1. Please give the FRET efficiency for A:ARG44 paired with B:SER11, using the beta carbon to beta carbon distance and R0 = 41 Å, rounded to the nearest 0.05.
2. Among residues other than B:ARG30 whose Cβ falls under 13 Å from its Cβ, what is the net charge (Lys/Arg +1, Asp/Glu -1)?
3. A:GLU36 versus A:TYR263, label points 7 Å from Cα toward the beta carbon: distance in nm?
4. I need the peptides B:27-39, A:50-62, A:27-39 ranked by packing, meaning the mean over residues of other C-beta atoms within 10 angstrom, with the highest value on top.
5. Taking every residue in B:168-181, how many Cβ atoms of other protein chains lie within 10 Å of its Cβ, on average?
6. Please order B:ILE54, B:ILE9 by the number of other Cβ within 10 Å, starting at the fewest.
7. At 7 Å along Cα-to-Cβ for each site, give me the label-to-label distance between B:ALA121 and B:ARG90 in nm.
8. What net charge is computed for the residues neighbouring B:LEU73, neighbours being all others with C-beta under 10 Å from the C-beta of B:LEU73, Lys and Arg scored +1, Asp and Glu -1?
Amino acid sequence: MKTPQPQFSPLPEQDLELLSAYLDDQLEGPTRSDLERRLADDPRLRSELEELRSTTALLRELPTLTPPRSFTLDPATVQPRRSHYAGWALAWVGQLGSGLAGLMLVLLASLQMLGGMSGPMAAAPAPMIAQPTASALYEAAPAATESAAVMSVPIEATPSATESAAVMSVPIEATVSPDAAAGTMALPANSEPVTETESAAMMTLPTEPMVNSDMARQTEPSEVATPEVAMGKAAPAPAGVPPVVLLLLGLVLLGVAGASWVYTRRGA
Amino acid sequence: MLNEEERIIESAQRGDVEAFNQLVRLYESRVYNLCYRMLGDAEAAADVAQDTFISAYRNLNRFRGGQFRSWLLRIATNACYDVLRARKRRPATSLDALGTSDDEGRGFDLPDPHEHPDEVALRHELAAAIQHGLAQLPEDQRVVIILSDIQGMAYDEIAAITATSLGTVKSRLSRGRARLRDILRAGELLPAKFRHEDR
């Protein structure tokens, strides 16, 4: 069957739209009466209306086809669905849970990264970190107070500085792992014995691994790296998952929660 | 009727497949006819109609009231668009399904026994010609023409199904009708009885 190119109507689109709406009885008031007046005066407009009327009549006369088969679903092949409310409750819990977990991971990673990226600035926040330590150790042994004070000033590489760096690095492991004794294993063999107070101080220190590692890094160039210092410096890094990974994981969780929320809100 | 339908929908939302099948029986003809007029191919229309009901069942929890029929036809319309898009990507297969086959001869309700064979033939020829004309319309105009002029729906329901405004529906309908009129008037597609003389 040959397909001729359609001839486009010479009537303005606005008139076509009026005629189409008039056919569907959608015109009211002055718009309708204006068009009826124009139809009475303009044979071309009348002819156009009749052709459109014929076209719509042909469409309305098209027979209704009978589907070739039934589209009913077979209960045996359709998996049972959860009920409406159970499904929504599960979706909400999932979204909220993953969103909160993602947010916490992002915050945690941000804190770690901010601390780590501060680099040479590490000495600045150090006193703030040292202060609670000092106050915690207010009644403790002078040795512990001294080690806290050491943090706030540039350090000459001395065994005691090395020790303080090592000690400061220990609590990070202690906070990650409850086994504080493992942290004290990083202390140099020739250091002063770690008192219980020091152990307590280590446990009360806030988790600022990068600050402490930077402290250790500062001490490093001025002395030959001893195994103790190496351990003290390395201690924060393996203490947990790298912050970038935490950040990415958090962002992914937040993204999943957000996408899931948008998906369920779109509805029908 | 609507309250009864709401009750059936609630049962179906609780996982009652038989309740959902009542809805299928109620709307399968309308869904199939929409798909057939959009695609011009009985087999593809049946597949899309089946997919529509499966998709509707799986997403029934996302139906939040309103007209179930509109919601269902919206799923069907989107499924038809997907098929048409796939055909455009693979044009070799789309030529078989432009409504030029003899699908119009199959699936009709039984013809009136008093109808003359010539009249039956003329009716089939005309239906095939109109289907061919529909296939030449842009998809957005085609769906509005089908819903309005073949299925007899109101503008606001068509707007809901096509996710457009009333103004857009009116505009697409007017342009679609004018274009279809031009196609049919252009000549050989229409039997002489329905052909208008050129002005």
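1. 0.10
2. So the surrounding residues net to +2.
3. It works out to 5.6 nm between the two label points.
4. Ranked from most to least packed, the peptides come out as B:27-39, A:50-62, A:27-39.
5. Taking the mean over all residues of the peptide, I get 6.
6. B:ILE54, B:ILE9
7. With each label placed 7 Å out from Cα toward Cβ, I get 3.7 nm.
8. +2
The numbers here are math on the coordinates, done by the rules we state, and not lab data. Remember, it's a predicted structure, so these values are computed and weren't measured experimentally. Positions of Cβ are backbone-derived with ideal geometry, glycine not excepted, and every protein chain shown enters the neighbour counts.
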